[in-house]
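The values are calculated or read from the model by the stated rules, or taken from the named source; none is laboratory data. Since the structure is predicted, the reported quantities are computational estimates derived from the model, not experimental observations. Cβ: placed from backbone, ideal geometry, glycine included. Neighbour counts: every protein chain shown. Heads up: the accessible areas ignore ligands, DNA and RNA and are worked out on the full protein's heavy atoms, side chains in. Shrake-Rupley method; radii C 1.70, N 1.55, O 1.52, S 1.80 Å.
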Amino acid sequence: MHNFKKLKIWQEGIEIVQENYKLTRTFPKSEQFGLISQMNRCAVSIPSNISEGTSKGTDRHFKKYLEDSLGSAFESKTQLIVAHNENYLSEKLFTALENKIIQIQKMISRFQSGLNL
């Protein structure tokens, strides 16, 4: 078992959540039950799956939650692209957030590879 608060991947996931919420507060109200809701739930899912996985008794079980977290990171990237295509954020902000998502995808993958299976 791992202390999730000490895991860099969890900390980075929390940062993505904070940045995502800040971004989606600027979206049109018409997106409240659509893209805003989906993006927020997806972003929260990244660190949530990491923390839930730390409660599992084996690395094999933990890996499943890391896979779910990674899937949410990929889903989050797609939603970010949709938001960008709808002109809800600037190119500069899009690139910065996209890079953060790519970074966490790599971090999760490396962490998975380091587990004892």
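Structure values in brief
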{"read-out": "Members of the range 104-117 found to be within 17 Å of residue 46 (Cβ to Cβ), touching an Asp or Glu at 6+ places or on another chain (Cβ under 7 Å) and surrounded by fewer than 15 Cβ atoms within 10 Å (Cβ to Cβ), listed by number", "value": "none"}
{"read-out": "Among (1) over 16 Å from the mean Cα position of the chain (by Cα); (2) assigned to a helix (DSSP H, G or I), the one test that residue 57 misses", "value": "(2)"}
{"read-out": "Any pair with Cβ under 6 angstrom, 6 or more apart, that starts in the range 57-69 at a residue that is modelled with pLDDT under 90 and ends at one that is open to solvent by less than 60 Å² (accessible area, probe 1.4 Å) and not hydroxyl-bearing (Ser, Thr, Tyr)", "value": "59/115"}
{"read-out": "Filter pass, residue 77 being under 19 Å from residue 112 (Cα atoms) and either of a type in the set (Lys, Arg) or touching a Lys or Arg at 6+ places or on another chain (Cβ under 6 Å) (or both)", "value": "no"}
{"read-out": "Search result, residues across the range 12-43 that are open to solvent by 50 Å² or more (accessible area, probe 1.4 Å) and in contact with a helix residue (DSSP H, G or I) (Cβ under 8 Å, 6 or more places away or on another chain)", "value": "14, 15, 19, 21, 38"}
{"read-out": "Whichever residue in the range 91-117 is closer than 16 Å to residue 22 by Cβ and touching a residue at least 12 places away in the same chain (Cβ under 8 Å) and, among such residues, is nearest to the chain's Cα centre (by Cα)", "value": "101"}
{"read-out": "Condition met for residue 51 (touching an Asp or Glu at 6+ places or on another chain (Cβ under 9 Å), of a type in the set (Ser, Thr, Tyr) and either open to solvent by 50 Å² or more (accessible area, probe 1.4 Å) or assigned to a helix (DSSP H, G or I) (or both))", "value": "no"}
{"read-out": "Residue 81 being at pLDDT 95 or above, in a helix (DSSP H, G or I), open to solvent by less than 30 Å² (accessible area, probe 1.4 Å) and of a type outside the set (Lys, Arg)", "value": "no"}
